[in-house]
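The values are calculated or read from the model by the stated rules, or taken from the named source; none is laboratory data. Since the structure is predicted, the reported quantities are computational estimates derived from the model, not experimental observations. Reconstructed Cβ throughout: ideal geometry from the backbone, glycine too, with neighbour counts over all protein chains shown.
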Amino acid sequence: MITHPYTNRKFIIFFIIILVGIVFIFRLFYLQVLYNKYKFSAENNVIRYITQYPSRGLIYDHNGELLVYNEAAYDLLVVPHQVHAFDTNDLCNLLNISTDEFCNRYEKAKKYSMYKPSVFLKQISREDYAFLGEKLYKFPGFYVQARTLRKYPFPIAAHLLGYIGEVTMDEIEYDSYYKSRDYIGKSGIEKFFEKTLRGEKGIKVKVVDVFNREMGNFHDGDYDISAIAGSNITISLDVQLQAYGEQLMKNKKGSIVAIEPASGEILSLITSPSYDPNILVGRIRSHNYNLLLNDSLKPLMNRAIMGTYSPGSTFKIVNVLIGLQENILSPQTLYSCDGPESRPIKCTHYHVTPLDLKEAIQQSCNSYLWKVFRSIITHPDPNDPVMGYNVWYNHVLNLGFGKKFNTDIPFELNGNIPESRLYDSIYRKNHWTALTIRSLAIGQGEILVTPLQLANFAAIIANRGYYYPPHFLKSTKYKSNTLLYYPRQVTSIEPKHYEFIVDAMLEVVEGEHGTARWYKLDSVHFCGKTGTVENPHGKDHSMFIAFAPKDNPTIALSVIVENAGYGATWAAPIASLLIEKYLKGKVKRHWLEDRMLNSDLISSN
């Protein structure tokens, strides 16, 4: 029998066909039985992925008073593809919106996506949701997502605490944690401690029916991820002191900063005018923010850390400390307050001259401090003011001026301590002298400081030569429980010189000729220094720095009242009331308290 030469090939072809068939069968079995992806894709038509937003961490003051907590709110979302006919008026009545607004919102949702959910109405209150939730089944394609809004039991410290708002595209690009519609801390404590407070998002997978009603968890919740609540934090703020300070600054422009010298913890950070932080929460936020933004009094500006001022006579203490440290000055140094050489800077007070150093501080003598400053600049080399100026400049920076503290205080400014090259550029090198820059002797000219820096300077004097950078955080439970640590900063001025300054500042308050002698306390010895700051744009600013008690001080502060005149007229009495309130728990000088509380310096200027 003759075998055809191609007979064996047909068996090879049959074998290949059978092999391919077996491969297809196994592949189909894998896809349909073993592999879940396509099963889940089919089930996506009846399941809903709901982001679980974590509760944001709570914020407490240093005595355990709750400053910020969360309140439930709800976003109404819509999937246009799932929307079927329903009574539009009924939904509009529940949402308290017009039919035109409903149509505009719905068209916007359709333009975004027919198949993806988008927010139809944000931040529905818990009370409104109680009515909506019962009838939501009547509106296919609509569902709610739980959120939380911040609430403030005390209507204070708005700038300090900050606020939260929806993320921007830039913020989403910067941190992949955030998605559209997420909230983020925008300012203050909320911004700086965002990662501590925000927690971690979770997800729930729900089964829904054709009427958009949730039927339960998908696969008994096996694919759910629980949200992790944000960590609570305790800050150094004293809510009672903060509230009292804000009352004293009502109808005034300016700021108060109070610090605990032994730790650098900020006890109060007050800026005025201010606002109730609750008005920047929920759907009213945008409207109210625009009102604040366009207010000519600039209530959104945090003057305590962003306001920059000439320090005026409060800065005389700086120049005295530098003079003592450089041995060009002693407590016994006498200078006359009259005569031709005293004229470059006139004194605004009447003195019996000559004065010694303590008397000059007590009576805030401009002429005396001009001569101190001149001696600092000319001491190394009378023919080269740059040498003396750089010595002065380095001491000033070492005392906390001209730079940020870089702690947990967002948006603070540097202020300005001019470098010698500024005067080289203006007057040409070696063509300027101490007389050229004499305004620096009394804290005027190009010097700019923040109220925070002034309060820290008061803390340095209280500590006799060191400070801890001012900060808010007291404690938190976050990951490793490690806290921010700010090491002690020792200044370039020896402690013995501070002891003299402390005694001199006590005389400012308690001395016979002290510029703040009207506000001394019977039971507490406190030290201070007044300042009247020239303002080229209007009435002078009132300024005062202080600490108390004299020995083992527990509070140091700065007070600035803009366009208010002499430092002893407004800033000093406000500071003395705050000290009395903080140390004694109540104020006895009701006549002074009533005057400060009921004065309107904004309308009168």
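I'm checking my understanding of the structure. Among residues of the range 566-605 that are without any contact (Cβ under 8 Å) to a residue 24 or more places away in the chain and of a type in the set (Lys, Arg), which one is surrounded by the fewest Cβ atoms within 10 Å (Cβ to Cβ)?
Filtering the range 566-605 for residues that are without any contact (Cβ under 8 Å) to a residue 24 or more places away in the chain and of a type in the set (Lys, Arg), the one surrounded by the fewest Cβ atoms within 10 Å (Cβ to Cβ) comes out as Lys586.
Would you pick out the residues in the range 439-455 that are surrounded by fewer than 19 Cβ atoms within 10 Å (Cβ to Cβ), under 22 Å from Cys365 (Cβ atoms) and not small (Gly, Ala, Ser)?
Once the filter is applied, which keeps residues that are surrounded by fewer than 19 Cβ atoms within 10 Å (Cβ to Cβ), under 22 Å from Cys365 (Cβ atoms) and not small (Gly, Ala, Ser), the range 439-455 yields only Gln444.
Given (1) in contact (Cβ under 8 Å) with a residue 60 or more places away in the chain; (2) part of a loop (DSSP other than H, G, I, E, B); (3) among the β-branched types (Val, Ile, Thr), where does Ile461 come up short, assuming only one miss?
(2)
Filter the range 501-546 down to the residues that are in contact with an Asp or Glu (Cβ under 9 Å, 6 or more places away or on another chain) and in a strand (DSSP E or B) and list them by number.
Passing the criteria: Cys527, Thr532, Val533, His541, Ser542.
Run down Tyr60, Tyr38 and say which single residue is touching a Leu at 6+ places or on another chain (Cβ under 7 Å) and modelled with pLDDT of 90 or more.
Tyr60
For the condition surrounded by 15 or more Cβ atoms within 10 Å (Cβ to Cβ), over 25 Å from Ser263 (Cα atoms) and more than 23 Å from the chain's Cα centre (by Cα), what is the one hit in Asp182, Asp224, Asp220?
The conditions single out Asp224.
Listed residues Val46, Val68, Val33, Val79; which is modelled with pLDDT of 90 or more and either within 30 Å of Ala158 (Cα to Cα) or not acidic (Asp, Glu) (or both)?
Within the list Val46, Val68, Val33, Val79, the selection yields Val68.
State the number of residues belonging to the range 244-262 that are surrounded by fewer than 18 Cβ atoms within 10 Å (Cβ to Cβ) and of a type in the set (S, T, N, Q).
Result for the range 244-262: 2.
Can you name the number of the only condition in (1) surrounded by 14 or more Cβ atoms within 10 Å (Cβ to Cβ); (2) modelled with pLDDT of 90 or more that Leu355 fails?
Single failed check for Leu355: (2).
Test of understanding: among Val490, Val502, Val524, which residue is without any contact (Cβ under 8 Å) to a residue 40 or more places away in the chain, surrounded by fewer than 22 Cβ atoms within 10 Å (Cβ to Cβ) and of a type in the set (A, V, I, L, M)?
The conditions single out Val490.
Give the residues of the range 260-287 that are in contact (Cβ under 8 Å) with a residue 12 or more places away in the chain and either polar (S, T, N, Q) or in contact with an Asp or Glu (Cβ under 7 Å, 6 or more places away or on another chain) (or both), sorted by residue number.
Listed by number, the residues that qualify are Ser263, Leu267, Ser268, Ile270, Thr271, Ser272, Ser274, Asn278.
Please work out if Ile417 is crowded, with 17+ Cβ neighbours inside 10 Å and either at pLDDT 90 or above or of a type in the set (Val, Ile, Thr) (or both).
For Ile417, the condition - crowded, with 17+ Cβ neighbours inside 10 Å and either at pLDDT 90 or above or of a type in the set (Val, Ile, Thr) (or both) - is met.
Going through the range 150-178 one residue at a time, which ones are under 14 Å from Pro54 (Cβ atoms) and of a type outside the set (Val, Ile, Thr)?
The answer is Arg150, Tyr177, Tyr178.
Given the options Leu121, Leu132, Leu149, name the one that is aliphatic (A, V, I, L, M) and within 26 Å of Ile189 (Cβ to Cβ).
Leu149
Those residues that are assigned to a helix (DSSP H, G or I) and either of a type in the set (A, V, I, L, M) or surrounded by fewer than 18 Cβ atoms within 10 Å (Cβ to Cβ) (or both), I need them from the range 286-317; list them, please.
Selection gives Ser286, His287, Asn288, Tyr289, Asn290, Leu291, Leu292, Leu293, Ala304, Ile305, Met306, Ile317.
Quick one: count up the residues across the range 253-287 that are over 30 Å from Thr148 (Cβ atoms) and of a type outside the set (S, T, N, Q).
Residues flagged as over 30 Å from Thr148 (Cβ atoms) and of a type outside the set (S, T, N, Q) within the range 253-287 amount to 10.
Hey, Glu246 hits all of (1) under 23 Å from Ile545 (Cα atoms); (2) touching a Leu at 6+ places or on another chain (Cβ under 7 Å); (3) not small (Gly, Ala, Ser) but one; which does it fall short on?
Result: Glu246 passes all but (2).
If I filter the range 264-276 for residues that are within 30 Å of Asn552 (Cβ to Cβ), among the small types (Gly, Ala, Ser) and surrounded by 15 or more Cβ atoms within 10 Å (Cβ to Cβ), do I get at least one hit?
Checked the range 264-276: at least one residue is within 30 Å of Asn552 (Cβ to Cβ), among the small types (Gly, Ala, Ser) and surrounded by 15 or more Cβ atoms within 10 Å (Cβ to Cβ).
Looking only at residues that are more than 20 Å from the chain's Cα centre (by Cα) and in contact (Cβ under 8 Å) with a residue 60 or more places away in the chain in the range 440-456, which one is farthest from Lys371 (Cα to Cα)?
The residue in question is Leu448.
Could you list, in sequence order, the residues of the range 431-453 that are in contact with a Pro (Cβ under 7 Å, 6 or more places away or on another chain) and part of a loop (DSSP other than H, G, I, E, B)?
Within the range 431-453, Trp432, Thr433, Ala434, Leu435, Gly443, Glu446, Ile447 meet the criteria.
Would you pick out the residues in the range 552-605 that are part of a helix (DSSP H, G or I) and of a type in the set (Phe, Trp, Tyr)?
The answer is Tyr582, Trp591.
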